[in-house]
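Asker: I'd like to ask some things about the structure below.
The values are calculated or read from the model by the stated rules, or taken from the named source; none is laboratory data. Since this is a predicted model, take the numbers as computed values, not measurements. Quick reminder, even Gly has a Cβ in these numbers, built from the backbone with ideal geometry, and neighbours come from all protein chains shown.
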Amino acid sequence: MGHNTEFVVFNPLDIKKDTTVQKIYITKLLINNQKNKEFSLFSKELKLKPSDKTLNITFAHLSFKNSSSNQYAYQLEGFDEDWVVVDANNRKVTYTNLPSGQYTFKVKASNASGFWTRENLVLKIQVYPPFYKTWWFILLSILASGGLIAYTIYYIQKSRYQKKVKQLEMNEKINKERIRISRDLHDNVGSQLTYIINKLDIMEFQAAKSKQQKIEQNASSLSSFTRKTISQLRETIWAIHKSDRTLKDFINKVSQYIKEQLQESRTQWKIENHIEKEISFSPTITLHLFRIIQEATQNMIKYADASQFNIDFNMINNQLIIKIDDNGKGFDINTIKNGYGLNNMKARLDEIQGTINIESQINKGTTIKVSLPI
């Protein structure tokens, strides 16, 4: 460099780079696009409510030498994976919907010579969770849920227990009433019918001596009818005397009945039980099933002229299957399908949600299949 009377001489190697980097400050902070009055230039921490959805931070460092060449790097620990480097024209960062938790916002800067600050700007940020995500609310919710579950279980068990107690009380009342009815039937009706039979036997004896044939026939018929009535009465008492009848008891009773009915007949009979597990019937089901088998047996005796009579008990898909068949005369199912006996069997099964199927062919016998859900 020259002058009229002077000149300046310098060595470029003696020029040193600027290593001074001024301190960084947050110059502007907005929450939900509004200035936070509690935040100052020297604040070291920031607390955000659950309703604070937007955070804007503007920062700068006081270096005015070629400031347009300054650079910045920022990172929100806990949210940003790495440092974000920006130039002097982009000294602003925006975060939205930060999850609840603790964060550390850090900023560093470099001057025009590329020297970075040794000490970063550090701002601790606490984002509070909504009340339903706080530990005390979660704990209370767990306790409340546990209490509700415990009360529900207690209420259900209590209701079941009360229902069971009521059922037991009802069963006890029904059982007492059943025993009373059985006793009354046996003591009153049975004794009265027995008295009638005795009187009829005397009348029959007296009529036979006086050769009054008509009186003898009527007396004999009435005596037979009364004996049949007593037999049915005893069967009814047997059915209702217990709260439940096992299949074994039922088959024994059926066997006893068929043996009495066919003891003077040429018909061979057989009862087979293919059910391994023990099952029981209510008095209503017991009586209906017995009457159905009784009806089928009487029809076979009166009309079939069979040499073989079979009853099979089986269980298929939780259905009790009773198969009654004979090798007798058979009949045309279309001709007598509305007969009283068949209708009576169907009506009994309808009452206990059962079904009946009857197949018969002339001179080839008859098969009755009873199905009942168990």
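Asker: With free of Cβ contacts under 8 Å to residues at least 60 places away in the same chain and touching a Pro at 6+ places or on another chain (Cβ under 6 Å) as the only criterion, which of SER51, SER69, SER100 stands out?
Answerer: Going through SER51, SER69, SER100 in turn, just one is free of Cβ contacts under 8 Å to residues at least 60 places away in the same chain and touching a Pro at 6+ places or on another chain (Cβ under 6 Å): SER100.
Asker: Next up: Can ASP326 be described as touching a helix residue (DSSP H, G or I) at 6+ places or on another chain (Cβ under 7 Å), touching a residue at least 40 places away in the same chain (Cβ under 8 Å) and closer than 21 Å to SER255 by Cα?
Answerer: When the stated conditions are applied, ASP326 passes them.
Asker: Based on this model, can you work out whether GLU77 counts as of a type in the set (Asp, Glu) and modelled with pLDDT under 85?
Answerer: no
Asker: Please work out if LEU287 is within 19 Å of ASP244 (Cα to Cα), in contact with a strand residue (DSSP E or B) (Cβ under 6 Å, 6 or more places away or on another chain) and crowded, with 18+ Cβ neighbours inside 10 Å.
Answerer: No: the conditions fail for LEU287.
Asker: Out of (1) within 52 Å of the chain's Cα centre (by Cα); (2) among the hydroxyl-bearing types (Ser, Thr, Tyr); (3) assigned by TED's automatic domain parsing to the domain that holds ILE24; (4) not in a strand (DSSP E or B), what's the single condition that is false for THR104?
Answerer: Failed condition: (4).
Asker: A follow-up question, please. Take segment 252-281 and flag every residue that is of a type in the set (S, T, N, Q) and either in contact with a strand residue (DSSP E or B) (Cβ under 8 Å, 6 or more places away or on another chain) or at pLDDT 95 or above (or both).
Answerer: Within segment 252-281, SER255, THR267, GLN268, ASN273, SER280 qualify.
Asker: Right, here's the next one. In the list ASN90, ASN11, ASN70, ASN36, which residue meets the criterion of being farther than 26 Å from PHE131 by Cβ, surrounded by 13 or more Cβ atoms within 10 Å (Cβ to Cβ), at pLDDT below 90 and not charged (D, E, K, R)?
Answerer: Of the residues listed, the single one that is farther than 26 Å from PHE131 by Cβ, surrounded by 13 or more Cβ atoms within 10 Å (Cβ to Cβ), at pLDDT below 90 and not charged (D, E, K, R) is ASN70.
Asker: When you scan segment 282-374 for strands (runs of 3 or more DSSP E) that lie fully inside it, which ones turn up with 2 or more residues that are modelled with pLDDT under 95, charged (D, E, K, R) and over 22 Å from TYR257 (Cα atoms)?
Answerer: Fully inside segment 282-374 and qualifying: nothing.
Asker: For segment 256-275, enumerate the residues that are in contact (Cβ under 8 Å) with a residue 12 or more places away in the chain and either assigned to a loop (DSSP other than H, G, I, E, B) or in contact with a Leu (Cβ under 6 Å, 6 or more places away or on another chain) (or both).
Answerer: Hits for segment 256-275 are LEU262, SER265, ARG266, THR267, TRP269, HIS274, ILE275.
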